[in-house]
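Presented below is the structure to which this report refers.
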Amino acid sequence: MIRHCSLWKFTDAAPAGLMAELTDAFYAAANEIPSVRSCHVGQNMGYLPTNHDFALTIDFDDLDGYREYVAHDLHMQLFKDYLEPYLEARAAVQFELRAD
């Protein structure tokens, strides 16, 4: 199992409500992209002001599933509509989950 984690920091130009829309859009896309096994997304709670604004974790059976997600039209549209216009910084990792 592969987990993709991504953190985003948005510019001050990001409109109010962007992260709520983004949350709904990612959950909807996760239900449509066949290789997604689980998806968790959400806005930072604001406990530390130095944190990123938004996080997501998405699980896949394997690296091919992750590649399918990255190239999928829904993912590309989310990135274009919500991230490209307002993204200040991004950090991401993909790692294999241990089968304990």
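Quick note: the coordinates plus some simple rules give every number you see, no bench work behind them. Everything quoted here is computed from the prediction, not taken from an experiment. Please note: Cβ atoms are built from the backbone with ideal geometry, for glycine as well, and neighbour counts cover all protein chains shown.
How far, in nm, would the chain grow between Gln94 and Arg67 when pulled straight, counting 0.36 nm per residue and subtracting the alpha carbon separation?
Values: separation 27, 0.36 × 27 = 9.72 nm, distance 1.11 nm.
My answer for the length gained is 8.6 nm.
Return the single residue from Thr23, Thr57, Thr11 with maximal mean-square fluctuation; model: Gaussian network over the chain, springs between Cα atoms under 10 Å.
Of Thr23, Thr57, Thr11, the most mobile in the Gaussian network model is Thr11.
Can you list the HN-Hα couplings for the range 67-73, worked out from phi with the Karplus curve (6.51, -1.76, 1.60; θ = phi - 60°), rounded to whole Hz and with x for Gly and Pro?
Whole-Hz 3J(HN,Hα) from phi for the range 67-73: 4, 4, 4, 4, 8, 5, 4.
Can you pull the percent of Cα pairs in the chain with separation above 20 Å?
Numbers: 1773 of 4950 pairs.
Taking all Cα-Cα pairs of the chain, the fraction more than 20 Å apart is 36 percent.
Treating only the Cβ of Lys, Arg, Asp and Glu as charged (+1, +1, -1, -1), what charge dipole size does the chain show about its Cα centre? Round to the nearest 20 debye. Present the calculation step by step, with values, prior to reporting the outcome.
Details: 7 positive and 16 negative charges, 51 e Å.
With Lys and Arg at +1 and Asp and Glu at -1, about 240 debye.
Tell me what the chain gives for mean residue ellipticity at 222 nm when only DSSP H runs of n ≥ 4 count, each as -39,500 (n - 2.57), the sum divided by the residue total, rounded to 500 deg cm²/dmol.
Numbers: 3 runs with 30 residues, N = 100.
Mean residue ellipticity, 222 nm, calculated: -9000 deg cm²/dmol.
For the range 25-36, just list the computed ³J(HN,Hα) in residue order, Karplus coefficients 6.51, -1.76 and 1.60, θ = phi - 60°, integers in Hz, with x standing in for Gly and Pro.
Coupling constants for the range 25-36: 5, 5, 5, 5, 5, 4, 6, 9, 8, x, 7, 6 Hz.
Could you tell me which of Asn51, Leu18, Ala29 has its Cα farthest along the dipole of the range 2-96 towards the positive end, charges placed at Cβ (Lys, Arg +1; Asp, Glu -1), taken about the Cα centre?
Asn51
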